[in-house]
Amino acid sequence: MLKFFQRLGGALFAPVLLFPFAGLTVALTIILKNPDFVGSLADPNGFFYKLVFIIEEGGWTVFRQLPLIFAVGLPIGLAKKAHPRACLSVLVTYLTFNYFISAILTFWGPSFGVDFTQNIGGISGLTTIAGIKTLDTSIVGAIAISGLTIYIHNKFFDTKLPDFLGIFQGSALVGMIAFLAIIPAAYLTCLIWPKVQSGISSLQLLMTSSGSFGVWLYTLLERILIPTGLHHFVYGPFIFGPAVVDSGIQVAWAQNLSTFANSTLPLKELFPEGGFALHGNSKMFGTIGIALAMYKTARIEKKKIVAGLLIPATLTAVLVGITEPLEFTFLFIAPFLFAVHAVLAATMAATMYAFGVVGNMGSGVIEVAAINWIPLFKNHSGVMFTQLAIGIAFIPVYYFVFTYCIQKFGLKTPGREDDDVKLYSKQDFKNKKDAKNGNMVVENAYFDQAYSFLEALGGAGNIEVVNNCATRLRVSVLDETLVEKDAMFKAAGAHGIVRKGKSFQIIVGLSVPQVRDCFEDLMNKDLENIKKLANA
């Protein structure tokens, strides 16, 4: 079960990676429509305003179609074969599911406690998906139907039917089975989801009234569950909805940003839900203290090498909020140190919230500045300075705590290890290729790393499933005893490796999509050569 949720968590990154650009686009266009920043250019009748409005509408695409994007995005990570066809099957099935709900509620809405004649939005519990009026199941319904369709696709896509029924094979068979499966799914949704919506309303009240402790607990779980991939299930309902606000904090913040910017009321009073989106502060401030501690404790002769590793990793965390390349350099050496990091991150967020800091701050400096600091500075500069003061104060806290732990327990953080492991190279692959009389794959900058990972995992014949998230290559193997020690992966450039039975997560960094492509090319070529030798 954990293995499945890890794969699902990784698959969720496909749609999530669309959000930073879309969020920045919306934020910047809101700024460019604000007369406090652009003066007379913000005239609604002027060409500049109209042009910015057009761009803004394009930026809203991702946020207005979140469920549809999540539904179609999951097959990229979860389908085991024919990924494009799986995406098409999910799209059709998810739309059909919502048509079923719409038809059921049109006839029997009152029987399910739903007034389907109401307008969408508000407290109606209704929305539109690709123009279909339906229950607002948000990303929960999208993920559920997508997951069901992917399961059917993986199980039945390759099913061979009699020749005279050949037209119904493949995606057609998947579509027919899914069509029948979602009829009862639509009925159960109509029966259960209105009650869930009522429960969510109660949860919203509970969370918004829980104060700083609620923020502390949320942030702790969001950080500490990162190694398992289950942190997506903590922040997802809050950031993308509907745990504390129907549309999710990210959308609600963007929709009301102009109102917040023009109001002189305290931000915490205007948007208390924003306390559950402060986890980005540990990325902007905490990572600096962690990096300084690791540099401080590195051996003198390795400090330059360590600086070369830490500087880009820290900048990535601080500027864009991707923390795995830095966090995973110490997670596997001392898991308790990661727990300390989670506690410090939670304490920082709760402290900020206690002093009135709220907003949409789940990412790095660039996004936080664009959608918080710049538009809010005129009337809420005090909040920004409070955030900066608390965040900067936590840098030395992180530094001294991490320095003490590293030295006290002799942790082999970067620059303190003594591994000396051979790294596989292109020449190794060429030699192997010549021995097998195979064909060379196209080489690129990620080739060596992919090849080293494949060899360290026991070769192509030992690979069962390959997947990736934003920074990690996720692999399931047939025989875990064939997998090399962590040092082999680190020598190939990995920041660390998570081992869980036959499941492995190799921390690559932001280049993981390119490494995965090379990895799969190498793996497929290797398997082809094995088959050729077996048939020779």
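Table: residues versus (1) basic (Lys, Arg); (2) without any contact (Cβ under 8 Å) to a residue 40 or more places away in the chain; (3) outside any helix (DSSP H, G or I).
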site: Phe238; (1), (2), (3): no, yes, no
site: Ala252; (1), (2), (3): no, yes, no
site: Thr264; (1), (2), (3): no, no, yes
site: Gly274; (1), (2), (3): no, no, no
site: Val306; (1), (2), (3): no, no, no
site: Ala317; (1), (2), (3): no, no, no
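The set of residues in the range 112-136 that are of a type outside the set (A, V, I, L, M, F, W, C) and modelled with pLDDT of 85 or more comprises Gly113, Asp115, Thr117, Gln118, Asn119, Thr127, Thr128, Gly131, Lys133, Thr134, Asp136.
Among the residues of the range 97-143, just one is in a strand (DSSP E or B), of a type in the set (S, T, N, Q) and crowded, with 24+ Cβ neighbours inside 10 Å, namely Thr134. Is it true that Phe328 is in a helix (DSSP H, G or I), touching a His at 6+ places or on another chain (Cβ under 7 Å) and under 15 Å from Gly496 (Cβ atoms)? Here the answer is yes, as Phe328 does meet what is asked. Take Thr386 and decide whether it is surrounded by fewer than 24 Cβ atoms within 10 Å (Cβ to Cβ), within 16 Å of Ala293 (Cα to Cα) and of a type in the set (Val, Ile, Thr). It is false that Thr386 is surrounded by fewer than 24 Cβ atoms within 10 Å (Cβ to Cβ), within 16 Å of Ala293 (Cα to Cα) and of a type in the set (Val, Ile, Thr). The set of residues in the range 152-188 being of a type in the set (Ser, Thr, Tyr) and surrounded by 14 or more Cβ atoms within 10 Å (Cβ to Cβ) consists of Ser171, Tyr187.
Just to be sure before I move on: is Leu28 within 25 Å of the chain's Cα centre (by Cα), at pLDDT below 90, surrounded by 15 or more Cβ atoms within 10 Å (Cβ to Cβ) and under 25 Å from Glu367 (Cβ atoms) in the structure I sent? Yes: the conditions hold for Leu28.
Checked against the criterion of being in contact (Cβ under 8 Å) with a residue 24 or more places away in the chain, out of contact with any Lys or Arg (no Cβ under 7 Å at 6 or more places or on another chain) and not aliphatic (A, V, I, L, M), the candidates Gly109, Gly59 yield just one match: Gly59. Cβ-Cβ below 6 Å, separation at least six or inter-chain, first residue in the range 158-175 and among the hydrophobic types (A, V, I, L, M, F, W, C), second in a helix (DSSP H, G or I) and buried (at least 18 other Cβ atoms within 10 Å of the Cβ): which pairs? Going by the 6 Å Cβ cut-off, the qualifying pairs are Val174/Ser89; Val174/Ile152; Val174/His153. Each residue in the range 449-469 was checked for being modelled with pLDDT under 85 and either touching a strand residue (DSSP E or B) at 6+ places or on another chain (Cβ under 8 Å) or part of a helix (DSSP H, G or I) (or both), and 2 pass. Number of residues in the range 261-295 that are charged (D, E, K, R), over 20 Å from Gly496 (Cβ atoms) and at pLDDT 90 or above: the value is 2. Taking the range 350-372 as the range and being under 20 Å from Thr323 (Cβ atoms), surrounded by fewer than 23 Cβ atoms within 10 Å (Cβ to Cβ), of a type outside the set (Gly, Ala, Ser) and out of contact with any Gly (no Cβ under 7 Å at 6 or more places or on another chain) as the test, the residues that pass are Thr351, Val365, Ile366. Can you find a residue in the range 474-482 that is at pLDDT below 90 and either surrounded by 14 or more Cβ atoms within 10 Å (Cβ to Cβ) or part of a strand (DSSP E or B) (or both)? Yes, the conditions are met somewhere in the range 474-482. For the range 491-509, filtering for residues that are assigned to a strand (DSSP E or B), within 20 Å of the chain's Cα centre (by Cα) and at pLDDT 85 or above leaves 7.
Does the range 178-199 contain any residue that is among the charged types (D, E, K, R) and over 29 Å from Leu135 (Cα atoms)? No; the residues of the range 178-199 include none that is among the charged types (D, E, K, R) and over 29 Å from Leu135 (Cα atoms).
The values are calculated or read from the model by the stated rules, or taken from the named source; none is laboratory data. What you see is a predicted model, and the numbers here were worked out from it, not measured in a lab. Please note: Cβ atoms are built from the backbone with ideal geometry, for glycine as well, and neighbour counts cover all protein chains shown.
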